[in-house]
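Just below is one structure, and these are the notes that go with it.
Just so you know, all these numbers are worked out from the coordinates, no wet-lab data involved. As the structure is a prediction and not an experimental result, all values here were calculated from the model. Glycine gets a Cβ as well: all are built from the backbone with ideal geometry, and neighbour counts include every protein chain shown.
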Amino acid sequence: MSEEKSWFGKVKYRVLEGKEGIREAYDCMANSYDYSKYFYWTRKLELAEERAVKKWIADFSGICLDVGCGTGRYSFKIAEKGVDVVTSDFSLKMLKRLKQKAKNMRIFHRINPVLADAEHLPFKEDAFISLICAFAFDHFENPEAAAREFSRVLKDDSLCVISSFNSYTLKSFQRKYGLGDSAPFRTEDMPPTLIFEVGHSADEIEKMFSRCGFRVKTVKGCCYWHLLPKLQKHYPPVMDSFFNLFKSLIKYAEIHAVLMRKV
């Protein structure tokens, strides 16, 4: 396996702590985030996650909030369906990168960037009809506060999609490399860096969001690499669909994607 696919076990890291550390890291990564060779596995995880949730976002309507939007991976997909999207992120430079990309697209008029902290959203109650938070929820220091905010800004009967690293598999990875409650990041513009990241299983998400008025509709597991480690590099996408038939196996999925409705 080449260096860019296994670098996290071979190098020293700087550590950026807390919320400001997360902001600094993503500001540093913004310009190279979409094409960095160090995100080889991230891209594989994203593709698997997108296969799981593409049918869910097809049902989005009204105005959508994309929390932790990054450079617009889902914002653009949703806007292309004719839905207006408020794209919120904690990193100003990620939002600037998103805006640059959006200007080259015919959907720019549907994209509305807002610099925001997910735990303290600057929006009125019942402002949105749908919400997605993809691969960002695990960076929140107070995820329960974020869940309450999601509930506050969503109208009743709204759809909410959360994708998260499974706490079971992420903790296993963190223990293996002695990372604590952190995950490694690196791009051509940023040296090896550890920032806060704690996974959440589908069960943990359901318990947290049920207290805030949500009901789970569907759960999908993505990338069951722990079950087939020898196939990790060339993992067949069809295996996700097969393993999802067995609820007892979902704990082994790298990613848990959850579709909920606010009731």
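Derived scalar couplings between HN and Hα for segment 172-188 equal 4, 5, 5, 5, 4, 9, x, 9, x, 9, 10, 10, x, 9, 6, 9, 5 Hz in order, rounded to whole Hz, by the Karplus curve 6.51 cos²θ - 1.76 cosθ + 1.60 (θ = phi - 60°), x for Gly and Pro. Normalised by 2.2 N^0.38 Å, where N counts its residues, the alpha-carbon radius of gyration of segment 39-156 equals 1.01.
The region of the chain that goes longest without hitting one of the trypsin sites (Lys or Arg not before Pro) in a DSSP loop, each with at most 13 other Cβ atoms within 10 Å, is 13-105. Near the amide H of Asp84, within less than 5 Å, lie the amide hydrogens of Cys64, all on another chain or at least 5 residues away, with H placed in the peptide plane. Around the amide H of Met105, modelled in the peptide plane, lies no amide H under 5 Å away from a residue 5 or more places distant or on another chain.
Residue by residue, segment 38-50 carries 3J(HN,Hα) couplings of 6, 9, 3, 6, 4, 4, 5, 5, 4, 4, 5, 5, 5 Hz when phi is fed to the Karplus relation 6.51 cos²θ - 1.76 cosθ + 1.60 (θ = phi - 60°); x denotes Gly or Pro. Select one label from [x] 47, 41, 33; [y] 63, 44, 42; [z] 47, 42, 40: the one whose number is Cα extents along the principal axes in Å as derived from the coordinates shown. Correct label is [x].
You can think of it this way: the chain between Lys54 and His109 has 17.6 nm of extra reach, that is 0.36 nm per residue less the Cα-Cα gap. Amide H contacts under 5 Å for Thr218: Leu259, restricted to partners 5 or more places along the chain or on a different chain, H placed in the peptide plane at 1.01 Å from N. One Cα centroid belongs to segment 157-171, the other to segment 107-136; the line between them spans 17 Å.
Any idea what the dipole of the chain comes to, in debye rounded to 20, about its Cα centre with Lys/Arg Cβ at +1 and Asp/Glu Cβ at -1? Walk me through the numbers before you get to the answer.
On the way: 42 positive and 34 negative charges, 156 e Å.
Dipole size: approximately 740 debye.
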